[in-house]
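> Okay, here's the structure, questions in a sec.
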Amino acid sequence: MVSMLCTFLVFVPQFMYWYHLSGNFILYSYEKEGFIYWKSPKIAKVLFGLWNGWILYTPMMLFALSGLYFALRQKVKNTFSTLILFLIATYVFASWWAWWFGGAYGHRCYIDLYPFLIPFFCIFLQKISEQSLRKKIVMGSLFLLIVFHNLRMIDLYTKTKPWDGPAFTLNTYLLLQKRIFSLFYSIKLIHSILFSWQRYFLKALYKYLKSQVVRLKESHAFAWFLHHLCWPDRFVMLPVHPLMLYSLCLK
């Protein structure tokens, strides 16, 4: 009874806000939008469709679903209830008029289910840890490939229009894959990751050296050097390894 009362109190501010706006304590703000696909839910499109298909854009969650399967076989506690929750949620998502839920990278509605699915991803990892070295190498390589693919997809998504609507077809998706796995863009991605790490490291080191300037010989000249090294657009980027600079700091 107490928990029900506390739950009700949480929603009181929302009820008051709706009443202030419309004169009603409960307001359906979506107006004419609703669930029009109850009898023909777009489940396949929600999971694998070009428009934000969950598995298509988040393939790593296939391993979480595999872990869910293993947990069902092992009769792990609360596994069946998680499966029912996942199935109901998928059915509800697939029944909404805009089953892809607007411009986003992947199906954003499943984010709320991740806390329930991540433990099963861990079960899958535990299952892999019990396999032979060859299988571990294969799965590790697959993980790296998926991570690389997702990083490139996210990078391209931020530079292009939302991937939905009539203009986004299978040919458009295949062109994106061609760009992702081209050698030039792969090298560019790796370079940008390494270069970003070097910039952040040198900036942090530069701030530290400024605070410890008394301990360094010729500190002003060295700080000037680091200042321009951290902002290469003002100075030629020198091939100095960050660990070398850190060793100089400790002298």
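> Sequence gap at least 6, Cα distance under 8 Å: using those rules, report the relative contact order of the range 1-143 to the nearest whole percent. Display every interim value, and only then the final one.
On the way: 126 pairs, mean separation 38.9, N = 143.
For the range 1-143, the relative contact order is 27 percent.
> Where does each of 148-158, 47-57 land if you order them by average Cβ count within 10 Å, highest first? Can you show the working numbers first?
Numbers: 148-158: 15.5, 47-57: 19.0.
The packing order, highest mean first, is 47-57, 148-158.
> Moving on. How much length would be gained if the chain were fully extended between Q177 and T158, taking 0.36 nm per residue of separation minus their Cα-Cα distance, in nm to one decimal? Write down the numbers at each step before the final one.
Values: separation 19, 0.36 × 19 = 6.84 nm, distance 1.53 nm.
Once the chain is fully extended between Q177 and T158, it gains 5.3 nm.
> Now, a different point. At a Förster distance of 22 Å, what's the computed FRET efficiency of L62 paired with V138, Cβ-Cβ distance as r, to 0.05? Walk me through the intermediate numbers first.
On the way: r = 15 Å, r/R0 = 0.68.
Computed FRET efficiency for L62 and V138 comes out at 0.90.
> Still on this structure, I have one more. What list do you get for T160, T58 if you sort them by fewest beta carbons within 10 Å?
Values: T160 11, T58 19.
Ordered by Cβ neighbours within 10 Å, fewest first: T160, T58.
> Indicate the gyration tensor shape class of the range 34-183 (rounded, prolate or oblate), computed on the Cα atoms with a ≥ b ≥ c the square roots of the eigenvalues: a/c under 1.5 is rounded; otherwise a/b larger than b/c is prolate and the rest oblate. Don't skip to the answer; put the middle values down first.
On the way: a/c = 2.67, a/b = 1.14, b/c = 2.33.
Note, shape of the range 34-183 comes out oblate.
> Run the numbers for L27 and Y69: contour at 0.36 nm per residue of separation, minus the present Cα-Cα distance, in nm.
Working: separation 42, 0.36 × 42 = 15.12 nm, distance 4.02 nm.
11.1 nm is the gain from fully extending L27 to Y69.
> Take Y114, project a point 7 Å from its Cα along the Cβ direction, then tell me which residues of the range 131-164 have their backbone nitrogen under 12 Å from it.
none
> Rank-order 27-35, 108-116 by packing density, defined as the average count of other C-beta atoms within 10 Å over each peptide's residues, highest first. Write out the running numbers ahead of the final one.
Details: 27-35: 10.0, 108-116: 14.4.
Most protected by this proxy first, the peptides run 108-116, 27-35.
> Calculated FRET efficiency, A44 and F80, Cβ-Cβ r, R0 35 Å, to nearest 0.05? Please list the in-between numbers first.
Working: r = 24 Å, r/R0 = 0.68.
The formula returns an efficiency of 0.90 here.
> Could you pull out the pairs from K136/K178; K136/K161; K45/K136; K42/K178; K42/K161; K135/K161 whose alpha carbons sit more than 30 Å apart here? The partial results should precede the final answer.
Working: K136/K178 28 Å; K136/K161 38 Å; K45/K136 32 Å; K42/K178 28 Å; K42/K161 24 Å; K135/K161 39 Å.
Check vs 30 Å cut-off fails for K136/K161; K45/K136; K135/K161.
Any read-out appearing in this document is the output of simple, stated calculations on the displayed coordinates, not a laboratory observation. No experiment lies behind these values; they were computed from the predicted model shown. No Cβ is skipped: glycine too gets one built from the backbone with ideal geometry, and neighbour counts run over all protein chains shown.
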